[in-house]
Amino acid sequence: MIGSPEHFHQLEKSLARKLGIAAFQSGLQVLRNDRGWRENEISIDYIWMVTIDHSYSGEGGIFAIKYKESKFREKVNPGELVQGIFTNKDEISQIYTETGTTDLRGIFDFNLFEGSQGITLDGVSYTIRISGQNIDTFISLSNPNTDSWKKWEAEIWALGNRMALASGNKEMTNLFQ
């Protein structure tokens, strides 16, 4: 079922495969080849994803991964921020990524007890996953309309729209307009 934790975890696994990481979580990750041999070890400082189910534009999402600089044998893994957007049905169908320049952790500053006042029938629903040092959380909400959530929503849509235009992908552009 779309919007369920099970569906969200399925998308997390799909995104992890597309990005070449072992799992959608922070911390040390061992990357293995097809034979199960260790090829690399990476360290993720934090990772977050927001899925968007828009009544009239489809489904997709936005994410960011902050890699820590690390070394494994002869490989040097740079510390970098990777941001991206995707479209999906049951799995990630299209993805666009870029090296990020803006740390957006500050936009996740909202009141968890007030997301939406009144009745929400249709519009937009979000599912949020944040994994960082000593935190792993899952949040679901529809049509946020409080000040802190509207500020968060504006930042998510601005970043998504900018990346959608840069991707040149019509489906992504339609989702983030």
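The values are calculated or read from the model by the stated rules, or taken from the named source; none is laboratory data. All values reported here derive from a predicted model rather than from experimental measurement. Glycine gets a Cβ as well: all are built from the backbone with ideal geometry, and neighbour counts include every protein chain shown. With ligands, DNA and RNA removed, areas are computed over all heavy atoms of the protein, side chains included. Shrake-Rupley method; radii C 1.70, N 1.55, O 1.52, S 1.80 Å.
Solvent-accessible surface of the chain, taken per residue with a 1.4 Å probe and all protein chains present: 55 Å².
The angle between the Cα long axis of helix 147-167 and the main principal axis of the chain comes to about 60°, on a 0 to 90 degree scale.
Carbon and sulfur: what percent of the chain's accessible surface (1.4 Å probe)? Write down the numbers at each step before the final one.
Working: 4670 of 9790 Å².
C and S fraction of accessible area: 48 percent.
Could you order peptides 67-75, 85-93 by the average number of other Cβ atoms within 10 Å of their residues, highest first? List each step's numbers first, then the result.
Values: 67-75: 12.6, 85-93: 18.6.
With the highest mean Cβ count within 10 Å placed first, the list reads 85-93, 67-75.
Rounded to the nearest Å, what's the spacing between the alpha carbon centres of the range 51-88 and the range 119-160? Just the number, please. The range 51-88 and the range 119-160 have Cα centres separated by 17 Å. With axes computed from alpha carbons, what is the tilt in degrees of helix 5-19 against the longest principal axis of the chain, rounded to the nearest 10 within 0 to 90? Rounded to the nearest ten degrees, it is 40.
Along its first, second and third principal axes, ordered by size, the chain spans 55, 33, 31 Å in Cα coordinates.
By per-residue mean of other Cβ atoms within 10 Å, what is the highest-first order of 154-161, 131-138? Walk me through the intermediate numbers first.
Values: 154-161: 16.6, 131-138: 12.5.
The peptides rank, most packed first, as 154-161, 131-138.
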